[in-house]
Amino acid sequence: MLVHLQGPWSPWFGRLTLGDIPYTNPVIIFAFLFTVVAGIALAVPVLYYRKLGYIFREWLCSVDHKKIGVMYIILGLVMMFRGFIDGMMIRTQQVTADGPHSPGFLSAQHGYLPPAHFDQIYSSHGTLMIIFAVGPILTGLGNIIVPLQIGARDMAFPRMNAISLWLSVSGAMLIMASLFIGDFSTAGWVGLIPLTELPYSPSVGVDYWMWALQISSIGTTLNAINIITTIIAMRAPGMRWDRLPIFTWTTLSTNIIGLTAFPILGVALALLGADRYLGTHFFTGGQGGNLMLYTDLFWIWGHPEVYFLVLPAFGIISEIIPTFSEKPLFGYTTMVAATFAIAGVAWAVWLHHFFTMGAGPWVNTFFSVATMLVGIPTGVKVFNWILTMYRGRITYTTPMLWSVSAILMLLIGGLTGIMLANPAINYTVHNSVFVIAHFHCMVLLIAFAIFAAIIYWFPKVFGFRLDEHSSKRFFIFFVLGTVTVFTAMFALGFMGETRRLDYLYDPQWLPLLIVEEIGIVFYCISVGYFFRMLYVSIRDRGRNQCGADPWGTARTLEFLTHSPVPFYNFAVTPHVNALDELAWRRANGHADTPPDHYEPVHMPNSSMIPVIIGVLSFGFGFGMVWRIWWMAGFSLLAIIALIILGSFMPDPGYTISPEEMREMEAQHRAPGIMADSHPPHPAAEERLV
Amino acid sequence: MTVWNSLERSKTLRLLRNKVVPAVLRKLPRAAWLPLLALSGCGNDFRLFHPVGQVAKAEWYSTLFVTGIILLIIIPTTVATVLFAWRYRKSRNASFDPTFTYSLPLELAMWGVPLIIVVILAISTYSSVFAVNPSDPGLLHGHGAAGAEPALQVDVITTDWQWLFIYPQLKIATIDTLVVPQGRTVRFALTSATVTNDFYIPQVAPMIDVMPGMRTQDAFRVNRTGDYEGFSADFSGAGFSWMQFSTRIVSPATFKSWVHETQASPQHMNYAEFLKIAQPKINKSATPAYFSDADPDLFNKVITAVERGLVFPVAMAMGNGK
Ligand code: HEM
Ligand SMILES: [Cu+2]
């Protein structure tokens, strides 16, 4: 039985009417124009250079783990850019809406955003940054790096890998659609219950949030299965567990978390969906429901989720510091143990997100102590990094600068995290901006690691280095912005400012709010340098070409093969002799020895199925959001049919013969990620589907 | 151990030890007023630095204690990070030892020292949690015995988006204003008629969630008079930013006369009246209202009704819409 809805409904268009397109809101119109201009700026060169076919064939239908990784990262960066604009708007609203005498613009009573709009912006900020920016970028890095680090040719399930990507994209597109058609949830990235229930959030906003998360979380779960299988089953000969690079270890632990945690989110959202669509009462205050059940389920996923994000970041730092200290990682075994200790304890701490929900003192004490225990392995990691630098020979390239700053962020985030873990303290700062500052230290530490990783591995994938000059300026202004904004925010937490305020009643907060706004200016400058870095690097790519190991001191297997990495990864599957294989080969003079013979290499075919599934799942989500049942039903049936069909269609893949391999290897530069597909196999194209 | 030997030899450290630290120490008496200025000068802005009442004070002392203990490990680690990052940069040609990748004593220390710190923190957590437990703070125990006045009961119901305070013993009620006497324990029972809120008076009362169909508790006792700002800390919809209530802690005599005054209010508060005021409303300037003849059982009635499915739906235009 379907629930009663406010507003009209029609069989063809569901709840959608012309009035749902907010064409009168100047802020939205501006956002729309911005998106259109950006879209045209991308589309024109593609059409001009007649690259549409290339993009479709070589990218959208690709099952190559590197291309999928790159697309994940592009998705993440675009979403991060939008999330950044959201953040900028939040800060600007708060600084203009402080005090009862603060003026109002654009029909807002204070500031320039009325509450209903402001609330959507911070909700989408959190959702985008955590689920659609940082998450996909880290997944993308894992996709690119892990197979290379373990000497594999691709992921265990290449086509499923592409499906994961397109599910994430379709979730992100749902959130983008909510900007222009209808509205977004106002209930925060956590989906505050029972605010997300139909009587309190009657419009489609919550549905957008719910389906975007649900669809992308299926993608994440599939990807976790894929990575775990790849690491367990596809390691090159000699890649024993005690030789596994540390980034691969952290990706393994993180995906074990992913595989076990994301289904819980799925269940929580499905039950919420039942409440909103079928009129059940799982989480309502009344008729037998219990809203605390949702809060528990959400955080049983939510806490592991934040470690899902931070562990790969730890892995990145653990790769970069040894490279630029010219020393092996200090305490490799302890580091692996600490990784799994963090992942394990992360399961038993979720209640620290709601000490104030009224649990008894014994329960609160248990979860408090469990939370503080996480601090121990986290500390161990920091000590190991510091001791790696100790007696090293450190060169400060940008990845190293980002990594060292990330350690400092971790120390502040850890300090405040342990403070928050004490319920007596938590009762005074929970739901205040102190918490916001805490987790931004942590999440920005991840962002730092991400920027480090992008600069560190970019030359590997694309064959040329990013411009150091503008990337250092990007770093400086980003760090400056971070310090300015979040120092002020910690102070505001002690002044009693709570989170998610559209209007701030206390004029005494104004000076620090202005300081935060200045920090935002620094951030804006840094974003400018980021774009400049991309522009200059691409312009000067000829000058910045690099060899297999662009840094000269890298240690792991991925730096053994050519830069840019050819589509077949390694001409011959490497035999691994040591932890830090490249360092070992360099020390023993084997780094550049060409292989004495080649063997046939078997590669998977591209496929159109994943991207079609992506489009259909967007259709399904959109249909469900607006309750256009025919659209949702058709999309769902088509997805099921495609998956069944795809499973029965054999994919023989294709084989690169030793002669072809020798020929390609003999070329001056390996065919990289941007190159057109490999001429030897026109047949591969015919079998696109 | 090698680390400490080289620290001994470090030129930087010697400079710190022989020059910088003594210089700072000499200047200290004059500089000592600086942090004091920061605390008192910035004054009341930093609400949490100025707790009132035993419970809030205990929470603030926990904050100081825990921060101090963690800093014992954070400060040396930060210093080491910065020091090593600076000292071992290539251009300085410091000693280089790529074989230093394992050390059992250091490994033991890096697991052991944090473990000790966590044990200390765990013990302090255990005692502070019971002392400030919102539903029944240990700190307020033993009071109210022989002679002392029994606790003042206040029932709190949040609506979209106002606060209703009911004094069941006195049969009065107020909206968006809380008046309590100094020196007497005040016990709150809290529930919501709609969505979850969070009861919070920064310097006075620990945060506690206010949930529909459920009853949570909070308590405090403050031994001096004063005005404080209370508000909802957990986002509850369009009117959330305006969900403030003024908190006045007054002398017992003032309280008595305030109660008399309120008991004479022409407006009454019962379930039927409640259904009217509980309709979604943004009270932008937190205008107070006073009611006499309040139904002492209203709190339970509202919980029961919400458990049976009473909702106050928010109109599309008010709840969402751009
Ligand atoms: C030493 C490790 C850590 C400790 C002890 C810790 C502790 C806490 C506690 C107690 C809270 C709840 C605060 C409150 O709502 O009252 C919290 C919130 C949060 N933490 Fe951490 N944390 C740690 C590491 C991390 C990491 C690594 C991340 C992210 C990658 C993270 C992200 C978050 C987020 C996102 C929230 C707030 C969620 C929300 O309410 O929106 N934390 N942390
Ligand atoms: Cu957590």
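The values are calculated or read from the model by the stated rules, or taken from the named source; none is laboratory data. Since the model is a prediction, treat every value here as computed from it, not as a measurement. Cβ: placed from backbone, ideal geometry, glycine included. Neighbour counts: every protein chain shown. For the accessible areas, the whole protein counts, side chains as well, though only heavy atoms, and no ligand, DNA or RNA atoms are used. Shrake-Rupley method; radii C 1.70, N 1.55, O 1.52, S 1.80 Å.
Quick notes on this structure:
- For the pair B:THR225 and B:SER257 in one chain, pulling the backbone fully straight at 0.36 nm per residue adds 10.0 nm over the alpha carbon distance.
- Label zone at A:ALA337 (point 7 Å along Cα-to-Cβ), backbone N below 17 Å, the stretch B:89-103: B:101-103
- Rounded to 5, percent antiparallel among DSSP beta bridges of the stretch B:150-310: 65
- Across the stretch B:150-310, Cα pairs under 8 Å and at least six residues apart give a relative contact order of 29 percent.
- Each residue was assigned an accessible area with a 1.4 Å probe, and for A:ILE181 the value is about 50 Å².
- With each label modelled as a point 7 angstrom along the Cα→C-beta vector, the B:LEU64-A:THR17 pair spans 6.1 nm.
- Residues A:TYR54 and A:ALA270, FRET efficiency given R0 of 41 Å [Cβ-Cβ distance, rounded to 0.05]: 0.55
- Angle in degrees between helix A:291-325 and the longest Cα principal axis of chain A, rounded to the nearest 10: 40
- Near-label residues of the stretch B:160-193 by backbone N, under 17 Å of a point 7 Å along Cα→Cβ of B:ALA272: none
- 14 Å cut-off, amide nitrogen to a point 7 angstrom out along A:ARG541 Cα→Cβ, residues in the stretch A:438-464: A:458-464
- Its alpha carbons considered, the stretch B:150-310 gives a radius of gyration followed by a Dmax of 14.4, 42 Å.
- Peptides ranked, highest mean first, by Cβ atoms within 10 Å: ranges B:246-256, B:293-303: B:293-303, B:246-256
- Local net charge near B:PHE49, Cβ-Cβ under 13 Å (Lys/Arg +1, Asp/Glu -1): 0
- In degrees, nearest ten, helix A:609-626 long axis to first principal axis of chain A (Cα): 0
- Inter-label distance for A:HIS590 and A:VAL36, nm, one decimal - labels placed 7 Å from Cα along Cα-to-Cβ: 6.1
- Highest-first packing order for the peptide set A:630-642, A:111-123, A:508-520 is A:111-123, A:508-520, A:630-642, based on the mean count of other beta carbon atoms within 10 Å.
- Long-range HN-HN contacts of B:TRP163 with modeled amide H, under 5 Å: B:ASP176
- Rounded Å value of the spacing that divides the Cα centres of the stretch B:253-311 and the stretch A:11-85: 52
- Solvent-accessible area per residue, Å², over the stretch B:150-310 with all protein chains present [probe radius 1.4 Å]: 32
- Approximating the spin labels as points 7 Å out from Cα along Cα→Cβ, the B:THR304-to-A:LEU106 distance works out to 4.9 nm.
- Number of partner chain Cβ atoms within 10 Å, mean per residue of A:100-110: 1
- On association of chains B and A, roughly 8700 Å² of accessible area becomes buried (total for both chains; probe 1.4 Å).
- Counting only DSSP beta bridges whose two residues both lie in the protein assembly as shown, roughly 65 percent are antiparallel.
- When shorter helices are ignored and each DSSP H run of at least 4 residues is given -39500 (n - 2.57), the per-residue value for chain A at 222 nm works out to -21000 deg cm²/dmol.
- Long-range lysine pairs (8 or more apart or interchain), chain A, Cα under 22 Å: 7
- Sulfur and carbon atoms: percent of accessible area, chain A [1.4 Å]: 72
- Potential lengthening between B:LEU104 and B:VAL82 on full extension [0.36 nm per residue; Cα-Cα distance subtracted]: 5.5 nm
- Excluding ligands, DNA and RNA, the accessible surface per residue across the stretch A:521-648 is 47 Å² with a 1.4 Å probe.
- Values of log10 I(q)/I(0), in the order q = 0.05, 0.06, 0.10, 0.12 Å⁻¹, for chain A under a Debye, Cα-only, solvent-free model: -0.24, -0.34, -1.00, -1.46
- C-alpha center-to-center spacing [the stretch A:94-160, the stretch A:215-269] in angstrom: 23
- Mean partner shielding of peptide A:118-129, defined as the number of other chain Cβ atoms within 10 Å of each residue Cβ, is 1.
- Percent accessible area from carbon and sulfur atoms, the stretch B:118-211, protein chains only, probe 1.4 Å: 60
- From the alpha carbon centroid of the stretch A:364-429 to that of the stretch B:171-233 is 35 Å.
- Other residues whose C-beta falls under 9 angstrom from the C-beta of A:ARG391 contribute a net charge of +1, scoring Lys and Arg +1 and Asp and Glu -1.
- Extension gain for A:ARG532-A:PHE648 works out to 37.0 nm (0.36 nm per residue, less the C-alpha to C-alpha distance).
- Counting Cβ atoms of other protein chains within 10 Å of each residue's Cβ and taking the mean over peptide B:201-210 gives 5.
- The packing ranking, built from the mean of other Cβ atoms within 10 Å per residue, places the peptides A:312-321, B:227-236 in the order A:312-321, B:227-236, highest first.
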